[in-house]
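Values quoted throughout were computed directly from the atomic coordinates according to the rules given, and no laboratory measurement underlies them. Small disclaimer: the values here were computed from a predicted structure and weren't measured. Every residue, glycine among them, receives a Cβ derived from its backbone with ideal geometry; neighbour counts consider all protein chains shown.
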Amino acid sequence: MFTGPMGSLMTSPVILPMRIEPLNVAVFMIVAAALHSSARSAFPSDADTSPARAPSAVHIQESNATAPGWRLPPTRPVTRVNPRLVNYFHMDLAEGRVDHKERRLAQWNVVILNHDIVLKEKLSLTRMRRTNPRIKLLAWIPLQGPNDGMSKGVPAPGDADWYARRADGTYLAPHWGGHLMDVCIQGRAWLRHVLRYVRRHCLGPGGYDGLMLDCLWAAEPTGHDANSDGVHDARDTAAWRESMLFLLRQLRAEFPDAILVGNGGLPWPADCPYYEYANGCMHENALGDQFGGTEWLVLWNACQTALSRISNRPACHLIQGDIRADRRTQAAAARQRALTPNDCRRFRLGLATALLVDGAYFGFDRGDCLHGQLWWFDQYDLDLGAPLGACVEGRVGPGTFARDFERGLVVVNPTQTPVSIADTLDSSRGIGGAKGSAFIVPPRDARILPAGPRKPAASPRRSLRPGERDRDSHSIGRGSRQARTVA
């Protein structure tokens, strides 16, 4: 998460306890200048720009690695069906200033863009859609505080400002510095300002397909006196949620087909009322130790919960993995030039988990306060085609999950025991270390085994857990039995 002018950094939804290390500007090379645009339109033309040259590919430092690491994405037209990918690209970092940027960004299924950067670099949404007609472009909307484009009209600190306060009247200072916006004060003035910005710059003709509402937390920040009654209690949570529901209701009423996704750090709990209006939420730092939770069950249960709550519109659950793990600091993540074996494992596990369900999208980058990479991996070049059915639990071993696709098999092993799987597919090499006639899926790891064209095989259906909805039981048009997805 990030907000404010481009030089101001924001981070996780836990407001006070966490400590963020000072950032080295020379390391990050974040553009701190204000993002002013002379463009006549909110959505620039197809005029070419001349960005900096791309950095060279970075290699994975892992014994017996089967993939060279991240590199720049291709620029070819996109026909891939699966895997479904998301790029949380809202920061202006040096490594993201590359040639053919629109076509490279278009390789992802869902791209989250900072409109300030779109204007500054004169990026063309039209050009992205030409490369990938099914792409979904979401404008990044920082509810925690304005970026440059949203700053105009926000009052300065004072008696009539829109900043969050504690019960004693002092400002609630987040650990990233500056101020945190109050979504309730003065008749929800800040949220009405957000609505005006969205109407004017984001969701008009030729604009974005939807919004990613950053810091759409399920409850008020720690210590925030949201209802301004001089006491911090449960009534503040109710006031906070009702204000956020006001925003979501207004957006859904005015833009019924827009994709609305929220980021609360961790996905919203099952009882969160936001699901009634949203297409889904983000799990930031998934499988990481900054705040996302290192255990696979945290990821899986959150994914299942979020997707089960989206029933009346296309689902969009974003699994955003990153290199913030193994107690790696933000500064260390900024300068890291290679993935560790554990990074590779978490990448494989997150990507494969997203493939177990319909409506999930996976991304992987440097993490919180550093989202702005064009990292492309070998696995992203696969085109597994459409799924041949739901995932099956226990098919290849107790506690494992597997799912067949037209051109491959996905296996997730969240257990503590290695699993040996006979390779019955027409494939000589599986992504993630699988080779030959059989392969091993290590504990807490996953494998994707590509293959030639395949047909649905008769296999036992996974038994659904209590309260879990059978997502394959609803026909959604064109003869498909899959859950609706946004891209």
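Of all DSSP-defined beta bridges confined to segment 25-381, some 10% are antiparallel rather than parallel.
Taking only C-alpha pairs under 8 Å that are 6+ residues apart, what is the relative contact order of segment 260-307 in percent? Answer for segment 260-307 is 40 percent. Using a/c under 1.5 as the rounded threshold, could you call segment 159-304 rounded, prolate or oblate? The axes a ≥ b ≥ c are square roots of the C-alpha gyration tensor eigenvalues, and prolate needs a/b larger than b/c, oblate otherwise. In terms of gyration-tensor shape, oblate. Give the shape of segment 230-299 as rounded, prolate or oblate, defined through the alpha-carbon gyration tensor: a ≥ b ≥ c are the square roots of its eigenvalues, a/c under 1.5 means rounded, and otherwise the shape is prolate if a/b is larger than b/c and oblate if not. Because a/c hits 1.5 or more and a/b fails to exceed b/c, segment 230-299 counts as oblate.
Most tightly packed first, judged by the mean number of other beta-carbon atoms within 10 Å of their residues, the peptides 199-205, 96-102 read 96-102, 199-205. The ranking of F377, F362 from fewest to most other beta carbons within 10 Å of each one's beta carbon is F377, F362. Using alpha-carbon pairs under 8 Å, 6+ residues apart, how would you state the relative contact order of segment 142-263 in percent? It rounds to 28 percent for segment 142-263.
The relative contact order of segment 209-363 comes to 19 percent, based on Cα pairs under 8 Å that sit 6 or more residues apart.
Place +1 on the Cβ of every Lys and Arg and -1 on the Cβ of every Asp and Glu in segment 149-220, take the dipole about the Cα centre, and give the residue among C184, L203, A173 whose Cα lies farthest towards its positive end. It is L203, whose Cα lies furthest towards the positive end. What aspartates and glutamates does K120 reach when the alpha-carbon gap must be under 12 Å and sequence neighbours fewer than 8 apart in one chain are set aside? By straight Cα distance, K120 reaches D92, D148. Across segment 111-118, coupling constants 3J(HN,Hα) worked out from phi with the 6.51/-1.76/1.60 Karplus curve, θ = phi - 60°, read 10, 9, 10, 7, 4, 4, 6, 4 Hz, and Gly and Pro carry x. In straight-distance terms, cross-link reach from K152 covers every one of the aspartates and glutamates whose alpha-carbon lies under 14 Å from its own, apart from those fewer than eight places away in the same chain; here that gives D116, D161. Along segment 125-133 the Karplus relation, 6.51 cos²θ - 1.76 cosθ + 1.60 evaluated at θ = phi - 60°, assigns HN-Hα couplings of 5, 4, 5, 4, 5, 5, 6, 9, x Hz to successive residues, with x for each Gly and Pro. The GluC sites (Glu not before Pro) of segment 271-349 that meet both conditions, a loop assignment by DSSP and at most 13 other Cβ atoms within 10 Å of the site Cβ, are E295.
Taking the average, over residues, of other Cβ atoms within 10 Å as the packing measure, peptides 387-397, 182-192 rank 182-192, 387-397 from highest down. Each Lys and Arg contributes +1 and each Asp and Glu -1, all at the Cβ; summed about the Cα centre of segment 25-381, the dipole is approximately 1240 debye.
For segment 328-428, a simple Cβ point-charge model (Lys and Arg +1, Asp and Glu -1, everything else neutral) yields a dipole of about 560 debye relative to the Cα centre.
All C-alpha pair distances within segment 25-381, sorted into 10 Å bins from zero, spread as 5, 25, 34, 26, 9, 1, 0 percent across the bins. Applying 1/(1 + (r/R0)^6) with R0 = 60 Å to the Cβ-Cβ distance of R249 and A422 gives a FRET efficiency near 0.70.
Over the C-alpha trace of segment 251-340, radius of gyration and Dmax come out as 15.1, 46 angstrom. Listed from fewest to most Cβ neighbours within 10 Å, the set V78, V111 follows the order V78, V111.
Put in line by how crowded their Cβ is, counting other Cβ atoms within 10 Å and starting with the fewest, M244, M150 read M150, M244.
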